[in-house]
Amino acid sequence: MLLKQQQELIESGVVTQDQMSDALQSDEGRKGAVLLALLGINEIDADELLRMLARIYKVPFLDVSDFQANEGLLKKCAEQLCIEYKFVPIDFQAGEIIIATGDPMDFASLDALQFKLGLRVKPVFARPDVIQKKIREFYQGDAAFDAAMEGLSDDYDDSSFSTESEEKAASANLDELKRGAEDSPIIKLVNGLIVQAMKMGSSDIHIEAGEKISIVRMRVDGRLRSALKFPVKAHPLVASRIKIMSKLDIANTRTPQDGRTRIKLWGKSYDMRVSTLPAMHGEKVVLRILDKSGLSLNLDILGFEKKADARVRECIGRPTGAVLVTGPTGSGKTTTLYSFLHHIKDEETNLVTVEDPIEFQIKGINQVQVNPKAGMTFAAALRSILRQDPDVVMVGEIRDEETAEIALHAAQTGHLVLSTLHTNDAPSTVTRLLEIGIDAAMLASSLNLVVAQRLARRLCLQCRKKVTPPTDFIERFDIPDEVFFYEPAGCKDCMNIGYKGRIGMHEVFYVSDHVRELIARGTPDRELAQAAREEGMFSLFEDGLSKALTGVTSLDEVMRNSTPLEGFKMRDRLNDDGQLMSLGDMHKLKEKVRSDKARSSGKKSVMIIDDSKSIRSLVKFVLQSDGYEVIEAEDGDQGWELIQRMDDSLSLVLTDCEMPNMSGMELVEKVREQSKYDSIALVMLTSRKDEEDEVTGLDSGADDYICKPVEPMKLQARVRKMIAMYDRISSSVKQ
């Protein structure tokens, strides 16, 4: 795209100056693919951009996404020409070939193409990314498999693989095995597998030997799909071909091996990780495709819920502290960490990573490969990195106490530390770190955020269909009648799977001051989870359900990737817009409704805090019969949370003295520290009858001290008296 055209786009208002600058400075922009870079900016309307460019270019715009070329036309244009000049042939009329290109103003390339084709060329304008996709579709069909299978029949003559003893075969037939692996049908088969995997968007290729046939399965969007079968006699040759590509020992078939290779396809380079494993009928080979071009490091597309997204951005923007990502293998932890690094990367920040292995090389980040054989463990590398004056450190995985201690110490001493851990959910990460020997106080002061992650398949937008949830699901989770979900149908666009791509399900555990206190006390992860949910955290199940409500994924995917919460009722959790609320937001809404109701009825609100359910029930009955609105809390922590929510709508708090997590005296002191709660009367209700205890309670800030057992009429009288006294004080202050 020329400077004049860039200026015209800016003047038209389709693109801003800042957006054009961002596009020019991106990786695509530096390579000259400015249009691709602009199309990748979410804020730009792609259709409007393409229509405006067509007017600027003065050529028609053509959507070629559903275009099907005829074989005769494809034969006139070699695949290499299409890749080199970035076009697809559309039509042939009167000695003139019509092509779709992303840059119809590149006259030098058009002249060179006319010379090589020996035909006049007429360009039309099309999306450059769609053109690349169509080149793959037109020229990389199933022909690779067909050509390979023509040379591989059930009686394929493999002289290097026989029923002779393994020792004899290993010594006598090694050279023949290597020659066989480099035979044309074998090369075509392996190349065809890789091409097919790329077309399907596969992340892994599994090649498994059976008793009579070998099976190839490909992992697409996290699920394995059967792709091909071939004679088992050819399996050693296929395995050897892959070993040759990745520089592994073809003579070693008895121990596992790991390697790496790079292939070039469609004008781009792809890294592949190779792993072999001896099995009963032959080596199992797994190829992991590392497609950097498909790696998006934009935080916006990770799919965080709104409040969680704000918390993530806040924590990775801090200069110190630890941010951890947890989840099983293959859940996208490393990609999420790379996205965090990419978001905070700039020229003034020294970012260093230590990884095993380095899956993607990212410009502007110093990446260190772990090598245990050479003594370069995570802990050893981390010690060295901290002497390199880093601002941000990413540790690929915390596996032991030593690595965890160094990482968290670094998080306390002026560094932002990012890492991964294997736990089931976010709050249990705290328990896991405590179990491996980390001090609770150290963990509380250094940890900022934990993100638990799973990957759910994304529904295909072209064919998803709206459905009513199953009856058992409706009954189990109390789903209202007007709520609908979506399920997969299957179409050509998604290869009849019904899903296309994946989306993250997240549990973002934010370490607030309150949660920090709980961690320092060694609070169990169940209570940590409850506290975090009260502060707005979505569990994995809730986040998945929220995405299912909007049609991003299906209920089946949510259930497959998460564990439903005990006692979850959807009816209580939906707001007026039909969106899922967090537990904290639901409680705030309920308290607001209750406060409004109490105000309109003229009732005073009283809170009873006691870890004994029977005491709470008795006090509630006594006070409700005297006309009060009564709220319950089972300990000081929960009571403090409720007091903050209710704010000025609360008249009086009755609290026990001895309770788990936060005692009654601690609660009273905390309330009295903040002047905005001066209008709330505080009364101790306790079984402690000593004079010294009563004096201590009153000194802590309590207005009255009532001993158990509860005497109903006395309790009513003292509560009435205390509330009336505060009302008189409030009235005199207002006057």
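The values are calculated or read from the model by the stated rules, or taken from the named source; none is laboratory data. Note that the coordinates shown come from a computational prediction; the quantities given were computed from them, not determined experimentally. No Cβ is skipped: glycine too gets one built from the backbone with ideal geometry, and neighbour counts run over all protein chains shown. Side chains are part of the model used for accessible areas, which takes the heavy atoms of the whole protein and leaves out ligands, DNA and RNA. Shrake-Rupley method; radii C 1.70, N 1.55, O 1.52, S 1.80 Å.
Under a point-charge model restricted to the Cβ atoms of Lys and Arg (+1) and Asp and Glu (-1), what is the dipole moment magnitude of the range 285-400 relative to its Cα centre, in debye to the nearest 20?
Values: 14 positive and 15 negative charges, 44 e Å.
Computed charge dipole of the range 285-400: roughly 220 debye.
Would you compute, from DSSP H runs of 4+ residues alone, the mean residue ellipticity of the chain at 222 nm, taking -39500 (n - 2.57) per run and dividing by the full residue count, rounded to the nearest 500?
-12500 deg cm²/dmol
Where a ≥ b ≥ c are the square roots of the eigenvalues of the C-alpha gyration tensor, would you call the chain rounded, which needs a/c under 1.5, or, failing that, prolate if a/b is larger than b/c, or oblate?
Values: a/c = 2.42, a/b = 1.87, b/c = 1.30.
Note, shape of the chain comes out prolate.
At R0 = 35 Å, how high is the FRET efficiency between residue 579 and residue 329 if r is their beta carbon distance? Nearest 0.05 is fine.
E(calc), rounded to 0.05, equals 0.60.
Which of the lysines could a cross-linker bridge to residue 597, judged by Cα under 29 Å and excluding same-chain residues fewer than eight apart?
Reachable lysines: 307, 569, 588, 613, 620, 670, 676, 714, 721, 734.
Please identify every one of the trypsin sites (Lys or Arg not before Pro) in the range 473-524 that sits in a loop by DSSP and has no more than 15 other beta carbons within 10 Å of its own beta carbon. Please report the intermediate quantities before stating the final value.
Numbers: sites: 476, 492, 500, 502, 516, 521; in loops: 521.
Of the trypsin sites (Lys or Arg not before Pro), the ones in loops of the range 473-524 whose Cβ has at most 15 other Cβ atoms within 10 Å are 521.
Nearest 20 debye, what's the magnitude of the dipole of the chain about its Cα centre given +1 on Lys and Arg Cβ and -1 on Asp and Glu Cβ?
1860 debye
Could you give me the ³J(HN,Hα) list for the range 455-464, computed from phi with Karplus coefficients 6.51, -1.76, 1.60 and θ = phi - 60°, whole Hz, x at Gly and Pro?
Whole-Hz 3J(HN,Hα) from phi for the range 455-464: 10, 9, 5, 8, 5, 5, 5, 7, 10, 4.
Can you work out the FRET efficiency for the pair residue 476 and residue 560, with r the C-beta to C-beta distance and R0 = 22 Å, to the nearest 0.05?
0.85
Could you check the spin-label model distance between residue 512 and residue 675? Points 7 Å from the Cα along Cα→Cβ, value in nm.
Distance between the two pseudo-spin positions: 2.4 nm.
Cα to Cα, under 28 Å, and not fewer than 8 places away if on the same chain: which lysines meet these conditions relative to residue 4?
Straight-line reach from residue 4, under 28 Å: 31, 58, 86, 122.
Could you report the accessible area of residue 468 in Å², rounded to 10, computed with a 1.4 Å probe on the protein chains as they sit in the structure?
So the heavy atoms of residue 468 present about 90 Å² to solvent.
Let me check something: with ligands and nucleic acids excluded, how do 383, 318 order by accessible area (1.4 Å probe), largest to smallest?
Numbers: 383 100, 318 60 Å².
Descending accessible area places them as 383, 318.
Can you send over the carbon and sulfur percentage of the accessible area for the range 576-626, probe radius 1.4 Å, protein chains only?
50 percent
By how many nm would the segment from residue 698 to residue 550 lengthen if fully extended, with 0.36 nm per residue of separation less the alpha-carbon distance?
Once the chain is fully extended between residue 698 and residue 550, it gains 48.0 nm.
What nm value, rounded to one decimal, do you get for the distance between residue 590 and residue 251 when each label is placed 7 Å out toward the C-beta?
7.2 nm
Just the accessible area per residue of the chain, please: how many Å² with a 1.4 Å probe?
Per-residue accessible area for the chain comes out at 49 Å².
Among 705, 85, what's the order by accessible area (1.4 angstrom probe), most exposed first?
85, 705
Ordered by residue, what ³J(HN,Hα) values in Hz, to whole numbers, does the range 431-446 give under the Karplus form 6.51 cos²θ - 1.76 cosθ + 1.60, where θ = phi - 60° and Gly and Pro are x?
4, 4, 5, 5, 5, 7, x, 6, 5, 4, 5, 5, 5, 4, 7, 9
Among the aspartates and glutamates, which fall within straight-line cross-link reach of residue 116, defined as a Cα-Cα distance under 20 Å, with same-chain neighbours fewer than 8 residues apart omitted?
Straight-distance partners of residue 116: 71, 79, 84, 91, 96, 103, 106.
With unit charges on the beta carbons (Lys and Arg positive, Asp and Glu negative) and the dipole taken about the Cα centre of the range 474-577, which residue among 536, 549, 495 sits farthest to the positive side?
495
Please list, by residue number, every one of the GluC sites (Glu not before Pro) in the range 629-724 that is coil in DSSP and has at most 14 other beta-carbon atoms within 10 Å.
Sites meeting the loop and neighbour criteria: 658, 673.
Any idea of residue 685's accessible area? Nearest 10 Å², probe 1.4 Å.
About 0 Å², rounded to the nearest 10.
Given a cut-off of 30 Å, name the pairs among 306/345; 188/363; 229/333; 134/229; 284/333; 133/465 whose C-alpha atoms lie farther apart than that in the structure shown.
In this structure, 188/363; 229/333 exceed 30 Å between Cα atoms.
Probe radius 1.4 Å, ligands and nucleic acids ignored: give me the carbon and sulfur share of the accessible area of the range 1-90 as a rounded percent. If you can, show how the numbers build up before the last one.
On the way: 2540 of 5300 Å².
Using a 1.4 Å probe with all protein chains present, the range 1-90 comes out at 48 percent carbon and sulfur.
How high is the FRET efficiency between residue 229 and residue 262 when r is their beta carbon distance and R₀ equals 35 Å, given to the nearest 0.05? Provide the component values of the computation, followed by the final result.
Details: r = 28 Å, r/R0 = 0.80.
Working from the Cβ atoms, E equals 0.80.
Using the alpha-carbon centroid of each, what span in Å lies between the range 460-488 and the range 393-440?
Using only Cα atoms to place each centre, the spacing works out to 39 Å.
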